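Beneath this line is the structure, given in structure tokens, with notes to follow.
The values are calculated or read from the model by the stated rules, or taken from the named source; none is laboratory data. Because the structure is predicted, anything quoted here is derived from the model rather than measured. Cβ sites come from the backbone with ideal geometry, for glycine too, and all protein chains shown count toward neighbours.
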Amino acid sequence: MAILTLYIQPGAHQTRLVGLHNGMLKIQLKAKAIDGQANAALIAFLAERCGIPKSSVQITAGHKSRIKRVSIPDSAIRLIDLRPIDEATHPRR
């Protein structure tokens, strides 16, 4: 399993990968940090971005923190699109 260290910003206007924050991938989540909603949204976002089932994504540390450690299968790490969502959908020319 590969471990990702992420900086999460819940309650954003949209869910997207923003870039880097202090050397960590920064992900903005539309879901609020209430009753695990942001954690569930993070798992769903990473699973979709990697093309893997949600059951393959696990938060291993930071359940109640903005800094989280998440494990995903090694095979999925090369499938993840690390470009910020705006660049992934609208590449620069």
What number of residues within segment 35-57 satisfy the criterion of being surrounded by 15 or more Cβ atoms within 10 Å (Cβ to Cβ) and at pLDDT 90 or above?
13
Name the strands (runs of 3 or more DSSP E) wholly inside segment 1-64 in which the number of residues that are over 23 Å from SER75 (Cβ atoms) is 3 or more.
2-9, 16-21
Being crowded, with 17+ Cβ neighbours inside 10 Å and modelled with pLDDT of 95 or more: is that true of LYS68 here?
yes
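Of these, THR89, THR60, which one is at pLDDT 95 or above, β-branched (Val, Ile, Thr) and exposed (fewer than 13 other Cβ atoms within 10 Å of the Cβ)? Quick ask: steps written out before the conclusion?
Numbers: THR89 fails: at pLDDT 95 or above.
So the residue among THR89, THR60 that is at pLDDT 95 or above, β-branched (Val, Ile, Thr) and exposed (fewer than 13 other Cβ atoms within 10 Å of the Cβ) is THR60.
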Scanning segment 1-34 for residues that are loosely packed, with under 15 Cβ neighbours inside 10 Å and among the hydrophobic types (A, V, I, L, M, F, W, C) gives MET1, ALA2, ILE3, LEU20, ILE34
